[in-house]
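Some notes on the structure that comes next.
Each value in this text was obtained by applying a stated rule to the coordinates, not by laboratory testing. Only a predicted model underlies this, so the values are computations on that prediction, with no experimental measurement involved. Here the Cβ positions follow ideal geometry from the backbone for every residue, glycine too, while neighbour counts run over all protein chains shown.
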Amino acid sequence: MTTRITSLIHTSTTNILRLALLSSLVTAAPLFAADSAATNHSAHEQAAPATLIQLVRAGTKQYIDVNAATAAGYGPFLGCVAGTDHGAMGVHYVNATLLGNLTLDPSQPQALIYEPVDGKMVLVGVEFILDSASWLAANNNTSPVLDGQVFNFVGFPNRFSINSFFELHVWAWRDNPQGAFVDWNNGVSCQGQ
C-alpha cells in the first residue's frame, strides 16, 4: 500500500511539473515565435494580408524615385545585399531618424529597398527595423507585430555587425515567389550594380 501511494504521489508530482513547464512555454511563445521565424521564414508567413502590402505601397509611392527618398533622409547602407545561397534583398536606404524611434507605421519604414537595374534604382520593397533591446523594454518583452505579421529576431553577432534587432520585410513593389514577408527574394538581384 505504501509503495502504491508513493507511486501515485510521484506520478502526480511529475504531471504537475509537466503542466508547469507547458504553461511556461505557452507564456513565452511570442519570444520563441520571433526566434524560430528567424530560422524558418515561412513560419511567420500568413496568407499575405493584402492590406499591409497596400498600406506600404500607398505610404511609400512617393519614394519610387530614389532621389525623393534621399531628400526625405534615406541613405544607402551596406551596398547591395545578396543571399549566400539564393535571392537577394537589394540596396537598403535607411532613415536614421526612423531607425532611432520605435515606429510601426506602414508609411514610415526604417528602410526602403531598391534593386540596381541598368544604372537606376528600382523600389522593390521595404524593411521595418527595430532595436530589440529598446523594443522589448518599451513593450513588456513582446515581439513586434505589424498587421498580423510577426517580426524576425536577428541576434548579435550577425552578418551586419550591428546590435540585435527585429525586422520585417514587405515586398510591396516586387513579387516574391517565397512570400510577401520572406527576407530573401529570388526575383531581386545585385547583378545590376
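Pop the C-beta distance of residue 71 and residue 117 into the FRET formula with R0 = 25 Å and round what comes out to the nearest 0.05.
Approximately 0.75, to the nearest 0.05.
Among 164, 143, 132, rank each residue by its count of other Cβ atoms within 10 Å, from fewest to most, as a rough exposure measure.
Ascending Cβ contact count within 10 Å gives the list 164, 132, 143.
Given R₀ = 35 Å, what would the calculated FRET efficiency be for residue 134 paired with residue 189, taking r from the Cβ atoms and rounding to 0.05?
0.55
Could you put 114, 63 in order, starting from the residue whose Cβ has the fewest other Cβ atoms within 10 Å?
63, 114
Determine ³J(HN,Hα), in whole Hz, for all residues of the stretch 113-124 in sequence, where each value follows from phi through the Karplus function 6.51 cos²θ - 1.76 cosθ + 1.60 and θ = phi - 60°; x replaces Gly and Pro.
Those phi angles translate into 10, 10, 9, x, 9, 6, x, 10, 9, 10, 5, 10 Hz.
If one computes the Cα centroid of the stretch 160-186 and of the stretch 66-83, what distance in Å separates the two points?
Cα centroid of the stretch 160-186 versus Cα centroid of the stretch 66-83: 15 Å apart.
Please list, by residue number, every one of the trypsin sites (Lys or Arg not before Pro) in the stretch 91-181 that is coil in DSSP and has at most 12 other beta-carbon atoms within 10 Å.
For trypsin sites (Lys or Arg not before Pro) across the stretch 91-181 that sit outside H, G, I, E and B with at most 12 neighbouring Cβ atoms in 10 Å, the list reads 159.
Can you work out ³J(HN,Hα) from phi for every residue in the stretch 53-67, in order, using Karplus 6.51 cos²θ - 1.76 cosθ + 1.60 and θ = phi - 60°, giving whole Hz and x for Gly and Pro?
With the stated coefficients, the stretch 53-67 comes to 4, 5, 5, 5, 4, 5, x, 10, 4, 5, 9, 4, 7, 4, 5 Hz.
If the chain between residue 147 and residue 84 were fully stretched, how many nm would it gain, using 0.36 nm times the residue separation less the Cα-Cα distance?
19.7 nm
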